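A.B. asks: Got a structure for you, questions after.
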Amino acid sequence: MSQLQYTVSIDPPHTHERLDNFLARQDALLSRSQAASWARLGLVRVNGDPVKPAHKLRIGDQVEIDVPPPVPQNIVAAHADFEIVFEDDHLIVVDKPQGLSVHPGPGHDDDTLLNGLCHLGIELSTVGLPLRPGVVHRIDLGTSGLLVLAKKDEAHARLAKQFSDHSVERRYLALVWGKPKDRGGRIESELARSPVNRKKFASVRSGGKNAVTHWEYLGGSENISLIALRLETGRTHQIRVHMTELGHPLLGDPMYGRKRIYKHSEELAAAVAALPDQALHAETLGFVHPATGEPMRFQSTPPKSFQEVRTLVTSA
């Protein structure tokens with residue numbers, strides 16, 4: 001397989017940013033440590049010249065990355081339940097159920113979406129981290145909904161650029177506790193790992209990654225609300241953290257929510273108790289096809305447990 005060369009032009013928001021920090025923001029391509037390592041190996045050039053990881057970028061700089069040969073992925077083929085929404089030679093869009101991890105990791109060696117795709121004989125791109133072939137973006141284990149994966153390296157790079165530029169449409173539906181005072185709003189903060197619990201994330205004053213969430217109240221009761229959310233950025237646990245900090249944690253969230261007992265309706269209480277995880281669904285995914293330039297837009301219906309609660313709270 002030929003080596004992939006990825007080129008990006010620097011625009012004003014990234015002026016004076018460190019090279020490795022800038023490349024790390026291209027999340028789906030490589031991590032900051034990978035960027036630094038590749039720069040030291042001479043695989044990253046600015047305006048044609050090899051540079052150090054700490055090199056400060058300027059407007060108009062052309063950054064070129066020569067992606068080294070891929071590390072063997074070692075994905076074990078294993079059956080997994082998910083729906084293929086769209087597939088062609090360049091990419092695949094899937095509808096992921098709750099409880100299915102996107103890629104192998106601690107506690108999930110052979111029961112992930114990637115294991116399932118491997119079981120079907122679907123070959124994915126080799127760009128990115130080991131054990132994450134084709135992964136351009138992720139959604140949490142307990143979140144359901146739409147996900148796009150790349151099958152070709154060129155498609156991976158172009159899709160990753162769209163996510164980095166925040167041009168991808170990502171709309172989520174969530175069921176949260178309480179009723180917001182406003183009809184909607186914009187939440188912006190810097191997210192970083194919590195110093196108290198490293199499995200959790202929290203907004204910090206500085207040193208985190210910028211996260212922007214737009215939300216809109218769609219209806220509900222005094223105790224439970226249906227919220228639509230649009231992501232500008234896609235940080236880990238972003239929606240869960242932002243809604244919790246707004247005072248409206250997601251129903252069923254085992255990490256950021258608190259166990260609550262709904263006392264006003266036995267039927268609704270049973271439906272809430274039946275939620276298997278956080279009530280969050282990636283409903284809409286829109287992007288430009290990396291090969292044809294055609295606008296692509298997909299929509300997904302939330303799982304049955306989500307719909308049962310939604311129907312009860314919005315029809316009350």
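Here, each number is a calculation from the coordinates, and none is a lab measurement. Everything numeric here is computed off the predicted structure, so don't read it as measured data. Methodologically, a virtual Cβ is constructed for each residue, glycine included, from the backbone with ideal geometry; neighbour enumeration extends over all protein chains shown.
A.B. asks: What's the magnitude of the charge dipole for the chain around its Cα centre, counting Lys and Arg as +1 and Asp and Glu as -1 at the beta-carbon? Answer in Debye, nearest 20. Let's see the in-between values first.
C.D. replies: Numbers: 37 positive and 37 negative charges, 268 e Å.
It works out to roughly 1280 debye.
A.B. asks: What does the helix-only formula give at 222 nm for the chain: each DSSP H stretch with n ≥ 4 adding -39500 (n - 2.57), the total divided by the residues, and the result rounded to the nearest 500 deg cm²/dmol?
C.D. replies: After summing the helix terms and dividing by the residues of the chain, the value is -5500 deg cm²/dmol.
A.B. asks: Given 0.36 nm per residue, what is the gain on full extension from residue 169 to residue 181 after removing their alpha carbon distance, in nm?
C.D. replies: The span from residue 169 to residue 181 would gain 1.7 nm if fully extended.
A.B. asks: Counting only C-alpha contacts under 8 Å and six or more residues apart, can you give the relative contact order of the stretch 72-165 as a whole percent?
C.D. replies: 32 percent
A.B. asks: For residue 86, what residues show an amide H to amide H distance below 5 Å, using hydrogens built from the backbone and excluding near sequence neighbours?
C.D. replies: Distant-sequence amide H within range of residue 86: 93.
A.B. asks: Rg to Rh ratio, the stretch 57-127, alpha-carbon atoms and Kirkwood radius?
C.D. replies: 1.11
A.B. asks: Right, here's the next one. Given the convex hull over the Cα atoms of the stretch 5-66, what projected area results after averaging over all orientations, in nm²? All intermediate terms of the calculation are to be shown ahead of the outcome.
C.D. replies: Numbers: hull surface 13.6 nm².
Result: a mean projected hull area of 3.4 nm².
A.B. asks: For residue 263, go through the lysines and keep the ones whose alpha-carbon is under 20 Å away, minus same-chain ones fewer than eight residues off.
C.D. replies: 179
A.B. asks: Same structure, new question: What do you get for the angle between helix 153-164 and the principal long axis of the chain? Use alpha-carbon atoms, 0 to 90 degrees, nearest ten.
C.D. replies: Helix 153-164 sits roughly 60 degrees off the main axis of the chain.
A.B. asks: Moving to a separate point now. Can you give the Rg to Rh ratio for the stretch 36-155, taking only C-alpha atoms and Rh from Kirkwood?
C.D. replies: When Rh is taken as the Kirkwood radius, the ratio is 1.07.
A.B. asks: Once the Cα atoms of helix 304-314 and of the chain are each reduced to a long axis, what angle between those two axes, in degrees from 0 to 90 to the nearest 10, is obtained?
C.D. replies: Approximately 60 degrees, to the nearest ten.
A.B. asks: Still on this structure, please answer the following. Starting from the Cα coordinates of the chain, work out the convex hull volume and express it per residue in Å³.
C.D. replies: Dividing the Cα hull volume of the chain by its residues yields 144 Å³.
A.B. asks: Cut-off under 20 Å on the C-alpha distance; same-chain residues fewer than 8 positions from residue 181 excluded. Which aspartates and glutamates are left, in chain and number order?
C.D. replies: Here the aspartates and glutamates satisfying the reach criterion relative to residue 181 are 216, 222, 245.
A.B. asks: Starting at the first residue of the stretch 196-202, write each ³J(HN,Hα) from the Karplus equation 6.51 cos²θ - 1.76 cosθ + 1.60 with θ = phi - 60°, in whole Hz, x for Gly and Pro.
C.D. replies: Going residue by residue, I get 8, 9, 5, 7, 9, 10, 8 Hz, with x marking Gly and Pro.
A.B. asks: Now a separate question. For the pair residue 263 and residue 85, how long in nm is the line joining their label points, each one 7 Å along Cα→Cβ?
C.D. replies: Label-label distance for residue 263 and residue 85, simple model: 4.0 nm.
A.B. asks: Under 25 Å Cα to Cα from residue 56, which lysines show up? Leave out anything in the same chain fewer than 8 places away.
C.D. replies: 161, 209
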